[in-house]
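Quick notes on the structure that follows.
What follows is calculated from the coordinates using simple rules that are stated; it is not laboratory data. None of the values given here were measured: they were computed from a predicted structure. Ideal geometry is used to build each Cβ from the backbone, glycine not excepted, and the neighbour counts take in all protein chains shown.
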Amino acid sequence: MEKPLTEHIQPGEPPLDLAAYERTGGYEALRDALRSMEPREVTRIVEDSKLRGRGGAGFFTGMKWSFVPMGENAPREKYFVCNADEMEPGTFKDRYLMECNPHLLLEGMILGAFAIQAPTGYIFLRAEYHKSEEVLAHAIREAREAGFLGKNILDSGFDHDIHLHTSAGRYICGEETALLNALEGRRAIPRAKPPFPPVVGLWGKPTIVNNVETLCNIPPIVRNGADWFKGLGLSEEAGTKLYGVSGRVNRPGMWELPLGTPLREIIEEHAGGMREGYRFRGVIPGGASTDFLVEEHLDLPMDFASVQKAGSRLGTGTMIVLDDRTCPVGMVLNLERFFARESCGWCTPCRDGLPWVEKILEDIERGGGREDDLGLLQEHSKFLGPGRTFCAFAPGAVEPLQSALKYFEEDFRRHFDGKGCPYHPQPAAAR
């Protein structure tokens, strides 16, 4: 099985430096592109490959690049931005790539920048990723010294440099326009769309924002071709995916597998199944802002279309497993508390609605819940849903809530009947 993202990564070994990366064929795709390809050809290969964004939304990468104005009348200043903020709870895949094979990311960025003719690139890095910052800064210096960054790269006439920006850190920066505002030194809030960043982005200029894992796919696609990439998936969707599993499984971790690998295989074979004494109840498949999947979904192919059809989203592909000894109400409360804190506060439904959701769940968990609370939570799931808020933050935030109400309603009712959490009962005096 081919693993273009991780095949040269050895766990426990130092990150690949420039020499080691070149020995694996690194920067050959960039050399070929600069030597014999036009920018639009690079975009066309990525379009033909059917690569979908690996940051959560799953938008087609090549199509996104094709929206950037090109030609003589296009703005001369353009920007290529890597979203390395990775604030989604349960997600740790991008950090692994940055800390183990940083030049793969840099080559992907340079190829993308060449495709849209952007002279300037930024890596927007989560502030807590101290090791990633150190590794990336060193790799950028190596790339500059070797002539892969800077003026007239490899005597091609193409100029491009990459700057590392450590963010102040907010979940909302996963939304690309909020990220661009933060990069400009302004408050991290989403922008009204349209216009979209490929036309009006950073400082009002055409800008592409892609995720780390997405960009790490670009060099092997350019080197091996679109058909090769499409042949890696198990379904109609292309490529491999970094799948992660956390929770009470025997081997929590992350694996590069063909896109469309069944959920059961990921949990039972790669993650080693549930720990002794624990039973599987459900899983959040793509980070905290996705709907639960349950036992009936275990044979579901983990690709974008299949997971969406089942009522959830593939998201980042990094799963949080719910077991039979963990309270689903408490788990959802923990997630909604995070989302209430991380709301940028720009629109009223999100700013005020999520704290209300948190408060209702707290009351239920502590034994003060009432039957009416189920209806209130259902209403909040609707009022914070798609099309009712300024951006997709709140709709994502209520996905675990709405699916918990669907699949675990009996657990909510047990809290009402027992005047508190049945998983963690408290003495009457403590209630």
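Tabulated values for the structure
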quantity	calculated
Solvent-free Debye scattering, log10 I(q)/I(0), computed from the Cα coordinates of the stretch 1-48 at q = 0.13, 0.20, 0.23, 0.33 Å⁻¹	-0.44, -0.83, -0.92, -1.16
Using alpha-carbon coordinates, inclination of helix 102-116 to the longest axis of the chain, degrees	70
Listed pairs Lys64/Lys93; Lys93/Lys309; Lys3/Lys406; Lys131/Lys406; Lys93/Lys419; Lys131/Lys309 exceeding 32 Å between Cα atoms	Lys3/Lys406; Lys131/Lys406; Lys93/Lys419; Lys131/Lys309
Helix axis angle, 409-418 relative to the chain longest principal axis, alpha carbon, degrees	40
The stretch 240-323: projected area of the alpha-carbon convex hull, averaged over directions, in nm²	4.4
Positive-pole candidate from Thr6, Thr240, Val200, dipole of the chain, charges at beta carbon	Val200
Percent of Cα pairs exceeding the 17 Å cut-off, where the set is the stretch 328-430	47
Set of lysines with alpha-carbon distance to Lys151 below 21 Å, sequence-local pairs under 8 removed	Lys78, Lys205
Between 0 and 90°, nearest 10: helix 372-383 axis offset from the chain longest Cα axis	20
Whole-Å distance, taken between Cα centres, linking the stretch 119-159 and the stretch 365-401	42
Percent RCO, i.e. relative contact order, over the chain, from Cα pairs under 8 Å lying at least 6 residues apart	15
Label-to-label distance, nm, for residues given as Gln10 and Glu28 (7 Å Cα→Cβ offset)	2.0
Net charge dipole size for the chain [Lys, Arg +1 and Asp, Glu -1 on Cβ; Debye, nearest 20]	840
Rounded D (µm²/s) - the chain, Kirkwood Rh over Cα pairs, Stokes-Einstein at 20 °C, 1.002 mPa s	95
Mean ellipticity per residue at 222 nm, deg cm²/dmol - from DSSP H runs of n ≥ 4 across the chain, formula -39500 (n - 2.57)	-11500 deg cm²/dmol
Under 5 Å, built H, 5+ apart or other chain: amide partners of Arg275	Val249, Asn250
As computed over the stretch 134-200, the Cα convex hull volume per residue (Å³)	108
Net charge contributed by nearby residues that have their C-beta within less than 15 Å of Val329 (K/R +1, D/E -1)	-3
For the stretch 176-263, the fraction of alpha-carbon pairs in successive 5 Å shells from zero, as %	3, 12, 15, 14, 11, 13, 17, 11, 3, 0
The stretch 18-230 - Kirkwood radius from inverse mean 1/r over Cα pairs (Å)	17.0
Surrounding net charge for Val245, when Lys and Arg each add one and Asp and Glu each subtract one, Cβ distance under 15 Å	+1
Charge dipole (debye, nearest 20) of the stretch 328-430; +1 at Cβ of Lys and Arg, -1 at Cβ of Asp and Glu	160
Cβ charges +1 (Lys, Arg) and -1 (Asp, Glu), total dipole of the stretch 138-276, debye	580
Local net charge near Gly71, Cβ-Cβ under 14 Å (Lys/Arg +1, Asp/Glu -1)	+1
Those GluC sites (Glu not before Pro) in the stretch 287-392 that DSSP places in a loop and that have at most 16 other beta carbons within 10 Å	Glu371
Value of D in µm² per second that Stokes-Einstein yields for the stretch 12-119, Kirkwood Rh from Cα pairs, at 20 °C (1.002 mPa s)	139
